[in-house]
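**Q** The structure's right below; bear with me while I get my questions together.
A short reminder: the numbers here are calculations on the coordinates, not readings from a lab. As the structure is a prediction and not an experimental result, all values here were calculated from the model. Counting neighbours? That spans all protein chains shown, and the Cβs are built from the backbone with ideal geometry, glycine included.
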Amino acid sequence: MIYLVMGVSGSGKTLIGSLLAEKLHLSFIDADDLHPRDNIRKMRSGTPLTDRDRMPWLEKIADEMRGAAGRGGAVFACSALKHCYREYLRREAGREPGGEIRVIYLKGDYRRIRERMKQRNGHFFSAELLHSQFAVLEEPVQAITVSVSGTPEQIVRVIIDKLKAGGKRAHK
């Protein structure tokens, strides 16, 4: 099983994803580490990525997901903001046995997430680009949806409870 922890930048994907992977005894992969250098340069300079910019990145993520499925699964942190990105990853990862993807959406409002982003240092994604992520965000329907308002431990506990309850469909 592949778990895709998604949301806008600053929603906590990396922290929540790594904690979830630890609880599920799976490896953790941060899709930010798979971005081509040109994408990182663009984001550092304050330029939003286009679908064309994202395609090589999504291809690399899909390749990593297929590999992880063959090894028993993993937790991925990836913005996957558009429905078509998630569907591409589902289709590509699904080519490998065990490549089923369960989407976990970390949902938060613009103001809360912008405040979080102002607190973090050293990340290539500028808080000035957050509006562009909310503009293209297509909230998933088939996902476990969890508010980012709790502590990381609370959020992971909610996710695990919903997974145990068979949370394949939308949950609030």
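**Q** Taking only the alpha-carbon positions of the chain and ignoring solvent, what does the Debye formula give for the base-10 log of I(q)/I(0) at q = 0.10 Å⁻¹?
**A** -0.34
**Q** Using the structure shown, select from Lys60/Lys164; Lys42/Lys107; Lys42/Lys118; Lys13/Lys82; Lys60/Lys162; Lys42/Lys82 the pairs with a Cα to Cα distance greater than 23 angstrom. Numbers along the way, then the final one.
**A** Details: Lys60/Lys164 30 Å; Lys42/Lys107 25 Å; Lys42/Lys118 19 Å; Lys13/Lys82 16 Å; Lys60/Lys162 29 Å; Lys42/Lys82 19 Å.
Long pairs (Cα-Cα over 23 Å): Lys60/Lys164; Lys42/Lys107; Lys60/Lys162.
**Q** Same structure, new question: Given a Förster distance of 22 Å, report the FRET efficiency between Gln154 and Thr14 from their Cβ-Cβ distance, rounded to the nearest 0.05. Mind dumping the intermediate values first?
**A** Details: r = 17 Å, r/R0 = 0.77.
It comes to 0.80.
**Q** So for Arg102, Arg95, Arg112, fewest C-beta neighbours within 10 Å to most, what's the order? Could you put the intermediate results ahead of the total?
**A** Working: Arg102 19, Arg95 11, Arg112 14.
With the fewest neighbours first, Arg102, Arg95, Arg112 line up as Arg95, Arg112, Arg102.
**Q** Please rank Val5, Val158, Val136, fewest neighbouring Cβ atoms within 10 Å first, as an exposure proxy. Spell out each step's value before the answer.
**A** On the way: Val5 33, Val158 18, Val136 14.
Final ranking by Cβ density, sparse to dense: Val136, Val158, Val5.
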